[in-house]
């Protein structure tokens, strides 16, 4: 969470999106390797050299990659393990932190540069005999993100005998972000025997953000696999349909903290008041991250029904929970939060909590906060001082500043200036 002093705006804490089996360039710069040399090394007897050559081609422009098109397509079946991630970061959701690549995987990433020119051969490989080739073809098709691949990916998702191929196909459908993939993802989410495939299907539905995915995702909140439940909660938040609220409320009672965190995030994304009562309850959750996320969600929903729980959380043992709760009270803008925020501003040992409390008091614009804000102008933290000044300006604009208050402000500013080097 960060807040911006001059604008008086605090952005809430957001759980990072669970990007499943995604591929990101590790560096933006183009390869300095000679294209002809890289192409020649695709035929090396050493797997690491083959993978590195494909990786380097993936950093080149399409015109430099095109001469190696056939070699790269043929390499998709090469699943020889290569230690490390070479020049791509593979974040495989739920893979236990394993970091490895293969020549075929690097070839798939390189083929992205050729786009629609390789759609047909990739689709043919996706329907071919090699499991490694099918998985890497699905990877390449997902990176290219062309909707013409949807029928073939949907077929692979529903019918391939190899679970990693189905999982990669679900991921690819999510990357394409087209409603044409929703039906296949719904079916896989509810019926596939493989947990990773179900998780990827939930992720794909969240990426597509189509309301037709909500019923299946709501049922997946009760999946036996915690990662599937967590991913389903995330996806429901991404879709932002009120029809997903009941399932997310149910997920707030999950035995796994990560599921509860994602459920709270999802309720905040949907911003529907039906979720407030359940979010209030998890403000006492044993997991601090759940409490932080619930405070963020209550602020996003902006219902006064969340005020009391946020006030109580201003004395939470976790500083980030206190900070997020102050932010939430500022978003709701109810003067019922004034007294608790004054207490946080005057006595919290964490400067960031005091800054957030000053911001929230400025959002509420309650003249009762004037004395505390005047004192905060002399806080030991310069950013707290600045935030208090901004909050006082809001109170002044509302007409809640007396002549005596102005005199006290001037005196406080003189004292601050006198201490400045």
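Overview of values
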quantity	calculated
Ranked list, fewest to most other Cβ atoms within 10 Å of each Cβ, for 379, 350	350, 379
Taking the convex hull of Cα positions in region 123-222, its mean projected area over all directions (nm²)	5.2
log10 of Debye I(q)/I(0), alpha-carbon scatterers only, for region 254-382 at 0.12, 0.13, 0.20 Å⁻¹	-0.40, -0.47, -1.00
Percent RCO, i.e. relative contact order, over region 245-368, from Cα pairs under 8 Å lying at least 6 residues apart	19
Added length on full extension, which subtracts the Cα-Cα distance from 0.36 nm per residue, residue 120 to residue 177	18.6 nm
Order of 134, 354 - criterion: other Cβ atoms within 10 Å of each residue's Cβ, fewest first	134, 354
Residue order, fewest to most beta carbons within 10 Å, for 44, 317, 102	317, 44, 102
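Bear in mind these aren't lab numbers, they're just calculated from the coordinates by the rules spelled out. If you're wondering where the values come from, they're calculated on a predicted model, not measured in any experiment. Positions of Cβ are backbone-derived with ideal geometry, glycine not excepted, and every protein chain shown enters the neighbour counts.
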